[in-house]
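Single-structure report; data block below.
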Amino acid sequence: MSIKVEDISKFYGTQEALSHINFEAKKGEIIGFLGPNGAGKSTMMKILTAYISATSGKAYVAGFDVEEDAIEVKRRVGYLPEHNSLYTDMYVKEYLTFIAGLYKVKNIESRVKEVIHLVRLEIEQHKKIEELSKGYRQRVGLAAAIIHDPEVLILDEPTTGLDPNQLSEIRSLIMKIGKEKTVLLSTHIMQEVEAMCTRVLIINNGKIIADKSTKEIKQVFSDYDLLEIEFESEIDLDLFNKTFPKVAIELKANNVYRLSNRSGKDIRAQLFDWAVKNELSILSQKVIENNLEDVFKQLTESK
């Protein structure tokens with residue numbers, strides 16, 4: 001396993017940030033590490049990158065104990081922290097050359113050129129980092145994280161500050177990298193997780209509350225079905241609620257309604273019969289797949 005976490009707990013004084021965390025990650029996985037602010041994501045990432053120590057438990061990266069073999073772990077991990085600290089008085093190419101030297105990268109010049117191309121920094125490479133926009137600084141941080149060709153990438157909010165075009169490019173890069181490495185990334189953009197990640201870990205109050213494939217998590221943890229129905233004319237919501245007390249209804253557009261069905265039963269036939277009885281015409285009816293954001297809210301708001 002590229003990452004193995006065994007019963008990790010972390011206290012800051014009397015405050016428990018992580019409580020008995022266990023998970024594994026293997027090569028070729030891109031894992032979305034999700035949770036509300038303060039849930040423990042950044043703390044777990046800092047432990048895995050040997051920046052801070054756990055209070056108890058064990059963690060291994062690329063087979064090395066993060067506590068006992070911290071230097072070996074850092075050699076094999078690429079880390080982009082949430083607050084991307086850079087030497088802003090250095091030029092982009094100069095900075096990446098410096099970072100490559102710290103990692104004792106072979107053929108530094110060609111590797112720096114390759115990474116600059118990968119993250120699309122060619123135009124900006126001769127500028128000082130302090131002159132760059134937030135999005136381009138984020139690219140520099142990502143370039144520094146991959147400069148030494150690490151086995152494991154740990155990315156905390158990697159797409160922060162990127163415009164839609166930049167975001168698409170970085171997404172493609174992360175997906176390409178993820179085919180050969182292990183990627184653990186934290187983000188609040190659920191669409192990014194659905195687009196990039198093969199697996200989702202959700203943490204809340206310092207505990208892992210979900211660990212499934214991106215597809216499975218929407219099926220297993222959703223506690224209601226979504227329907228979208230278009231009627232020919234406006235309906236009586238009070239009458240609807242009396243007939244379907246376990247179905248929340250919301251007007252989305254002219255005569256188009258979103259139904260959240262918590263009854264545990266398929267109500268489509270019953271809806272049709274109700275419409276006929278009340279002389280209403282249904283123009284369209286479709287099942288809406290729950291998205292990851294819906295599931296995330298269900299899991300974290302109820303805990």
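The values are calculated or read from the model by the stated rules, or taken from the named source; none is laboratory data. Note that the structure is predicted; figures quoted are calculated from it, not measured. Because the Cβ atoms are built from the backbone with ideal geometry, glycine has one as well, and the counts that use them run over all protein chains shown.
Of all residues in region 99-124, those satisfying the criterion of being small (Gly, Ala, Ser) and either part of a loop (DSSP other than H, G, I, E, B) or surrounded by fewer than 16 Cβ atoms within 10 Å (Cβ to Cβ) (or both) are GLY101, SER110. Considering the conditions (1) over 30 Å from LYS26 (Cβ atoms); (2) modelled with pLDDT of 90 or more; (3) touching a strand residue (DSSP E or B) at 6+ places or on another chain (Cβ under 8 Å), ILE209 is excluded by exactly one of them, (1).
Name the strands (runs of 3 or more DSSP E) wholly inside region 136-224 in which the number of residues that are surrounded by fewer than 20 Cβ atoms within 10 Å (Cβ to Cβ) is 3 or more.
In region 136-224, 207-213 are the strands (runs of 3 or more DSSP E) which contain 3 or more residues that are surrounded by fewer than 20 Cβ atoms within 10 Å (Cβ to Cβ).
Taking region 1-24 as the range and being modelled with pLDDT under 95 and closer than 21 Å to LYS74 by Cβ as the test, the residues that pass are MET1, SER2. Is it the case that GLY78 is out of contact with any helix residue (DSSP H, G or I) (no Cβ under 6 Å at 6 or more places or on another chain), surrounded by 15 or more Cβ atoms within 10 Å (Cβ to Cβ) and assigned to a strand (DSSP E or B)? No: the conditions fail for GLY78. Residues in region 240-250 that are touching a residue at least 12 places away in the same chain (Cβ under 8 Å) and outside any helix (DSSP H, G or I): PHE244, LYS246, VAL247, ALA248, ILE249.
Each row is one residue, and each column tells you yes or no for (1) touching a Leu at 6+ places or on another chain (Cβ under 6 Å); (2) within 30 Å of THR198 (Cα to Cα); (3) part of a loop (DSSP other than H, G, I, E, B).
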{"position": "GLU230", "(1), (2), (3)": "yes, no, no"}
{"position": "ASP238", "(1), (2), (3)": "no, no, no"}
{"position": "ARG258", "(1), (2), (3)": "no, yes, no"}
{"position": "ASP294", "(1), (2), (3)": "no, yes, no"}
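Is it the case that region 237-244 has a residue that's over 28 Å from ILE189 (Cα atoms), touching an Asp or Glu at 6+ places or on another chain (Cβ under 8 Å) and surrounded by 14 or more Cβ atoms within 10 Å (Cβ to Cβ)? Scanning region 237-244 turns up no residue that is over 28 Å from ILE189 (Cα atoms), touching an Asp or Glu at 6+ places or on another chain (Cβ under 8 Å) and surrounded by 14 or more Cβ atoms within 10 Å (Cβ to Cβ). Restricting attention to region 232-242, the residues that are within 16 Å of GLN285 (Cβ to Cβ) and not hydrophobic (A, V, I, L, M, F, W, C) add up to 2.
The residues in region 263-290 that are part of a loop (DSSP other than H, G, I, E, B) and surrounded by 15 or more Cβ atoms within 10 Å (Cβ to Cβ) can be counted, and the count is 3. Filtered by the rule that a residue be of a type in the set (A, V, I, L, M), over 20 Å from ASP163 (Cα atoms) and touching a Ser or Thr at 6+ places or on another chain (Cβ under 9 Å), region 106-146 gives ILE108, VAL112.
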